[in-house]
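Chemist: The structure's right below; bear with me while I get my questions together.
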Amino acid sequence: MKKGLRDLRQPATAAPAEKPEIVFPCDYPIKVVGNAADDFAATVCQIVIQHAPEFDATEMQVVDSRNGRFQSVRITIRATGEKQLKQLFLDLKATGRVHMVL
């Protein structure tokens, strides 16, 4: 006799996952991924400084992808609010060079 398949989907009555609450101001890590280029990290840095003037660029980490096509720039800023973060993310994406902001 064949065993029946279980339905692993969540029931429709399940509550949506809540966003974690962030208490501002706080240190906020950000990872920016884009096409690899000599000036990609500098471009990211210029935009970040516009939104977080106290940002220390010496703490920035740049990692190339395995095949060298992409770069990720990892930074930590002192976030003052959700509005600041949203505008920073929008400005990074507006460059046309950024694929993801995490």
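Chemist: Given (1) farther than 20 Å from I22 by Cα; (2) at pLDDT 95 or above; (3) not basic (K, R), identify the lone condition not met by E59.
Modeler: Tallying (1) farther than 20 Å from I22 by Cα; (2) at pLDDT 95 or above; (3) not basic (K, R), E59 fails exactly one: (2).
Chemist: Return the total of residues in segment 44-102 being surrounded by 11 or more Cβ atoms within 10 Å (Cβ to Cβ), charged (D, E, K, R) and either in contact with a Gly (Cβ under 8 Å, 6 or more places away or on another chain) or assigned to a loop (DSSP other than H, G, I, E, B) (or both).
Modeler: Total satisfying the criteria: 2.
Chemist: Show the residue pairs meeting these rules: Cβ distance below 6 Å; 6+ apart or different chains; first residue within segment 26-49 and under 16 Å from I77 (Cβ atoms) and in contact (Cβ under 8 Å) with a residue 60 or more places away in the chain; second residue open to solvent by less than 20 Å² (accessible area, probe 1.4 Å) and outside any helix (DSSP H, G or I).
Modeler: I30/I75; K31/S72; V32/V73; V32/V98
Chemist: With the structure loaded, tell me whether P53 is modelled with pLDDT of 95 or more and touching a strand residue (DSSP E or B) at 6+ places or on another chain (Cβ under 8 Å) or whether it fails that test. I'd like the intermediate steps shown before the answer.
Modeler: Working: modelled with pLDDT of 95 or more: yes; touching a strand residue (DSSP E or B) at 6+ places or on another chain (Cβ under 8 Å): no.
Here the answer is no, as P53 does not meet what is asked.
The values are calculated or read from the model by the stated rules, or taken from the named source; none is laboratory data. Source: prediction; values computed, not measured. Counting neighbours? That spans all protein chains shown, and the Cβs are built from the backbone with ideal geometry, glycine included. Ligands, DNA and RNA are excluded from the accessible area calculation, which covers all protein heavy atoms including side chains. Shrake-Rupley method; radii C 1.70, N 1.55, O 1.52, S 1.80 Å.
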